[in-house]
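The values are calculated or read from the model by the stated rules, or taken from the named source; none is laboratory data. From a predicted model like this one, the values you see are computed outputs, not experimental measurements. Backbone-built Cβ (ideal geometry, glycine too); neighbour counts: all protein chains shown.
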Amino acid sequence: MSTTTTVTDTTPAAPAPPGQPDIAYAPDYQKWQARAARRLGSEALPKTAPEGFPSRLSGDLVWEGEKLAETYNWTYVLNEDQLVEIDRAVQHFKSLNLSLGHLSPETFPLPALHAQLRRLSRELHTGHGFFVLRGLRVDDYAREENAAIYAGVSSHTAAQRGRQDHKFDGRPADVVLTHIKDLQVDQIAAGGSAIGSPAYTTDKQVFHTDSGDIVSLFALETAAAGGASKLASTWRVYNETARTRPDLIHVLWQNWDYEVFEKADKQWTERPLMFYSEATDSRPERIALQYARRTSSGSGLCHAAPTSRLSARRRPRRWTPCTSSGASFVLNTDFQKGDMQYVNNLAVFHARDGFTDSPEKKRHLLRLWLRDPENAWETPEALRPRWTQLYDDITPGSQVFPLEPYIRSASNKSR
């Protein structure tokens, strides 16, 4: 079983710009309580959710981590026949002499496993919103073969791979595979540090969503201690917020200023954090969330921008999902070496504990941002520009799969 060992953060908190609230990347529950008490005592706040929003969501996407194992087995363990089938698919793809960007259900055939992977895609979109594939023997394969297995298997669950970086090795590129690994020692050895995200440190990551429909992680190795992967249902958090603080749903539904940690003409974008879709004849009503604390608090060397817009409008009301009062919501997924975890990025938060590496065990994950055109949720209008950046105009020949870790542009202060 993975451990929930507490590991002290190694990265100093990004300082708040002058005149902005003292809200760091790592939530401080006592400060949050004090801010909430001040607001509740000084403002006339709405007593119900916005008109048209549900007072309560229901369905498989509403779950509590403390109880979920009683009703849902989220781990699909590959059997020996399926592992043989995956190995044959690797050898078949290698025989084609194609680049990794050409990995697809056609070039990485899994005739027997395919139906199960399609079923699991439906579980992502209409079921509990996540699952884990277990049993892959990563030590039997070279790095490039493991990348091929990851992308090949994933293509049967969600065929589209998203762009995680627009630059690689100093040149424009459609980077579709990235690494999550502690790179602090490498940065110090190089004479400095460019790290602006806890993804490249041993620090904990607080609850958040990534970009896109599906976020997936493949564990090439786990940590010596700590590093537990944590999930929480955003629908369960919504129900609790609607019950106890419906005024916050109004806040989340308004436009927020979202920091852009890359060179751009505009250093923020404006959009809500929460989106509601009414039920239709073909789908139920849905709440979607896209939330990342780092874009308002900063992290490491990526400091929040000192703009009056960010100071005056949104940071004072910074929302903190899954605080200590919601510990029962949280699920530890017992992430093991060789696991592939898939998460509906619109309906499930993810986080991780801090961790400690050793010379023999260094935590190393690969990540894909995916989309399944057949089962995908309708993209909210305000998110479509971002989804265009992620998924449009990517060809098999343009895709880049870095085989060694590097700090992607949005987390790299020097880029």
Problem set entry | Failed item in (1) over 25 Å from residue 289 (Cβ atoms); (2) in a loop (DSSP other than H, G, I, E, B), with residue 397 passing the rest | (2)
For this session: For residue 407, indicate whether it is within 17 Å of the chain's Cα centre (by Cα), on the phi < 0 side of the Ramachandran plot and among the β-branched types (Val, Ile, Thr).
Result: yes
For this session: Residues being assigned to a helix (DSSP H, G or I) and not aliphatic (A, V, I, L, M): count how many of those fall in region 126-149.
Result: 7
Exercise. Is one or more of the residues making up region 57-78 in contact (Cβ under 8 Å) with a residue 60 or more places away in the chain, farther than 25 Å from residue 335 by Cα, among the polar types (S, T, N, Q) and in contact with a helix residue (DSSP H, G or I) (Cβ under 9 Å, 6 or more places away or on another chain)?
Worked result: no
For this session: Among the candidates 66, 123, single out the residue that is in a helix (DSSP H, G or I), surrounded by 20 or more Cβ atoms within 10 Å (Cβ to Cβ) and of a type in the set (D, E, K, R).
Result: 123
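For (1) among the acidic types (Asp, Glu); (2) at pLDDT below 90, each residue gets a yes or a no:
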residue	(1), (2)
256	no, yes
264	no, yes
268	no, yes
277	no, no
282	no, yes
285	yes, no
289	no, no
Exercise. Just one of the numbered conditions (1) of a type outside the set (Phe, Trp, Tyr); (2) at pLDDT below 95; (3) over 27 Å from the mean Cα position of the chain (by Cα) is not true of residue 95; which one?
Worked result: (2)
For this session: Quickly run through region 90-103 and pick out the residues that are part of a loop (DSSP other than H, G, I, E, B) and within 14 Å of residue 401 (Cβ to Cβ).
Result: 98, 99, 103
Exercise. Could we say that residue 223 is in a strand (DSSP E or B), modelled with pLDDT of 90 or more and of a type in the set (Gly, Ala, Ser) here?
Worked result: no
Problem set entry | Filtered residues of region 355-383 (kept if touching a residue at least 24 places away in the same chain (Cβ under 8 Å), more than 30 Å from residue 33 (Cβ to Cβ) and outside any loop (DSSP other than H, G, I, E, B)) | 356, 364, 365, 366, 367, 368, 369, 370, 371, 382, 383
For this session: Might you let me know whether region 401-414 holds any residue that is of a type in the set (Lys, Arg) and at pLDDT below 90?
Result: yes
For this session: Considering each residue of region 165-184, count those that are farther than 22 Å from residue 93 by Cβ and either surrounded by 20 or more Cβ atoms within 10 Å (Cβ to Cβ) or in contact with a helix residue (DSSP H, G or I) (Cβ under 6 Å, 6 or more places away or on another chain) (or both), and give that number.
Result: 6
For this session: May I ask you to list pairs of residues, at least six apart or on different chains, whose Cβ atoms are under 7 Å apart, with the first in region 337-354 being under 12 Å from residue 125 (Cβ atoms) and the second being part of a strand (DSSP E or B) and among the polar types (S, T, N, Q)?
Result: 342/216; 348/233
Exercise. Take the residues of region 74-118 that are surrounded by 12 or more Cβ atoms within 10 Å (Cβ to Cβ) and of a type in the set (Asp, Glu): which is farthest from residue 176 (Cα to Cα)?
Worked result: 85
Problem set entry | Any pair with Cβ under 8 angstrom, 6 or more apart, that starts in region 89-114 at a residue that is on the phi > 0 side of the Ramachandran plot and ends at one that is buried (at least 17 other Cβ atoms within 10 Å of the Cβ) and of a type outside the set (S, T, N, Q) | none
For this session: Return the only residue of 49, 34 being touching a residue at least 40 places away in the same chain (Cβ under 8 Å) and either part of a strand (DSSP E or B) or not charged (D, E, K, R) (or both).
Result: 49
Seminar exercise, completed: Exactly one of 24, 49 is under 22 Å from residue 351 (Cβ atoms), of a type in the set (A, V, I, L, M) and either modelled with pLDDT under 65 or surrounded by 11 or more Cβ atoms within 10 Å (Cβ to Cβ) (or both), and that residue is 24
